[in-house]
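Written below as structure tokens is the structure these notes are about.
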Amino acid sequence: MSRFFLERYKDLKSYAPGEQPEDFSKFIKLNTNEMPYPPSQKVIKAIDDLQLLKLNLYPPVEFNNLKAKIAKFYDISRENIFLSNGSDEILSFIFLGFFRDGANVAFPDITYGFYNVYAQLYGSNADIIPLSSDFTINIKDYINIGKNIVIANPNAPTGICLSLSDVEKIVKGNQDNLVVIDEAYIDFGGESAVPLIKKYDNVLVVQTFSKSRSLAGARLGFAMGDRKLIDGLRKIKYSTNPYNVNRLTLTAGEASFDDDVYFNSCCKKISETREYLTKELENIGFLVLNSKANFIFAKPFNITANNLYLKLKEKGILIRYFEQERINDFVRISIGTKEDTDILLKEIRGII
Ligand SMILES: *Cc1c(COP(=O)(O)O)cnc(C)c1O
């Protein structure tokens, strides 16, 4: 490491993304929870020459057109919405603006790896609360704890989802602290906490276009909450990178909200394929957690998780294995098309 790099970051363990081969035509990619389906035709048509011709100009900064569409979709108002370059950037802004320098923030031991990275980066005081032995969140661990809270719902990589009434209990039970609900996977079967933002000023709901809207490559995420929370996020954005969403991505995001039919049909196919894959793996003897996301978390039968990951990679199928205590006998498999899922099942049967 450079001698000029700050001492405080020397032990920072940064986030390890799943493998992203430059040429992924060689692989069936089931390792980073992307949609197997392309973006809507409306998105593809919207990015036309006219849009490209405007690339000499900076993009807008408030994104009012896209905010209006999201506001209509969720029956909230534009002032309650913040848009950003992927929801990872929003999470970073939240830790920077709300949880920095010794602020207390609680999250589960098994959850999205970035929370701990941001806690280290910004010097938050992280309280890491173990999930129950069945990998569920015990909501009693989060009520009236006098700390800020971040919960992914559905949780990653377990896929397990809290009910809206349980989320409300956590929000209601911590009204002097900020509760962040990361809903990256909510469209695959969970119930969103967005309605709570009208009742409580201490909840921020974070969502992304990367998973259910087939736009991981475009980088677009959004947060919804009380206007004052949104103003805090805007302040951080205008102090770091005001042009954080590019023109083509904005256009893609708007067009995606114009195609509910396609959005709903993709989400439905994913949840159907998830149920199919779950049943088939259970029949082989795998333990599969109850997922409401576009992935499953499973403990293989007759082979170690790490071996299954390696053997499938040899066969051209990428899945995710985490070398982390408590979950190193599980693999996470993103839900692909039905065809990819049948190939996966055939290879797994062959391997074990
Ligand atoms: C994928 C994911 C994100 C990041 O989404 P981007 O919008 O692509 O940055 C955030 N939170 C969780 C839990 C995720 O799985």
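Read-outs: derived from the displayed coordinates by stated rules, not from any lab. Note that the coordinates shown come from a computational prediction; the quantities given were computed from them, not determined experimentally. Cβ atoms come from the backbone with ideal geometry, glycine included; neighbour counts cover every protein chain shown.
Dipole magnitude for region 56-256: about 640 debye, using +1 per Lys or Arg Cβ and -1 per Asp or Glu Cβ, origin at the Cα centre. For Lys346, a cut-off of 20 angstrom between C-alpha atoms picks up these aspartates and glutamates, skipping any fewer than 8 places away in its own chain: Glu272, Glu275, Glu280, Glu282, Glu314. Ordered by the number of other Cβ atoms lying within 10 Å of each residue's own Cβ, fewest first, Arg349, Arg320, Arg227 fall into the sequence Arg349, Arg227, Arg320. What base-10 log of the normalised intensity I(q)/I(0) is obtained for region 134-215 from the Debye formula, alpha carbons as equal point scatterers, at q = 0.12, 0.20 Å⁻¹? Cα-only, vacuum Debye calculation for region 134-215: -0.32, -0.86. Its Cα gyration tensor gives region 1-86 an equivalent ellipsoid. The semi-axes, each the square root of 5 times an eigenvalue, are 32, 24, 18 Å from largest down.
The Cα-based radius of gyration and maximum Cα-Cα distance (Dmax) for region 288-352 are 11.2, 33 Å.
With the simple spin-label model, which puts each label point 7 Å out from Cα in the Cβ direction, the Phe5 to Asp49 separation comes to 4.7 nm. Look at the dipole of region 67-204 built from charges on Cβ: of Gly189, Leu83, Asn104, the Cα furthest out on the positive end belongs to Leu83.
In this entry, the chain is assigned a mean projected area of 18.5 nm², taken as a quarter of its C-alpha convex hull surface. Look at Glu183, Glu89, Glu272 and count the other Cβ atoms within 10 Å of each Cβ; fewest to most, that gives Glu272, Glu89, Glu183.
For Lys228, a cut-off of 27 angstrom between C-alpha atoms picks up these lysines, skipping any fewer than 8 places away in its own chain: Lys67, Lys69, Lys72, Lys147, Lys169, Lys172, Lys198, Lys199, Lys237.
How big is D, in µm² s⁻¹, for region 56-256 by Stokes-Einstein at 37 °C and 0.692 mPa s if Rh is the Kirkwood radius over C-alpha pairs?
Working: Rh = 16.9 Å.
Approximately 194 µm²/s, per Stokes-Einstein.
Which of the trypsin sites (Lys or Arg not before Pro) found in region 1-75 are in a DSSP loop and have at most 11 neighbouring Cβ atoms, other than their own, within 10 Å? Walk me through the numbers before you get to the answer.
Details: sites: Arg3, Arg8, Lys10, Lys13, Lys26, Lys29, Lys42, Lys45, Lys54, Lys67, Lys69, Lys72; in loops: Arg3, Lys10, Lys13.
Counting only loop positions with at most 11 other Cβ atoms within 10 Å, the trypsin sites (Lys or Arg not before Pro) in region 1-75 are Arg3, Lys10, Lys13.
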